[in-house]
């Protein structure tokens, strides 16, 4: 990629990140919970504006799909 094209993508990424940040601030002001995913535990939770977390789901499968497919094939 040339420098001009790269800088356009960087600018778009920056704008997108700023938009997400502003939206999260707005949701916090409105006391609307935000759904988040914890990669380490594999759980999905709602984060409320007061900082409390409510677990609402979890990961259904472990590992990559190809690894799961190999296990099924061997069994």
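The values are calculated or read from the model by the stated rules, or taken from the named source; none is laboratory data. These numbers were taken from a predicted model, which means no experiment stands behind them. All Cβ positions, even for glycine, are placed from backbone atoms using ideal geometry, and neighbour counts span all protein chains on display.
Overview of results
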item	result
Options 19, 35: the member that is modelled with pLDDT of 90 or more and either in contact with a helix residue (DSSP H, G or I) (Cβ under 7 Å, 6 or more places away or on another chain) or assigned to a helix (DSSP H, G or I) (or both)	19
Among the residues listed as 30, 40, the single one being at pLDDT below 90 and surrounded by fewer than 10 Cβ atoms within 10 Å (Cβ to Cβ)	40
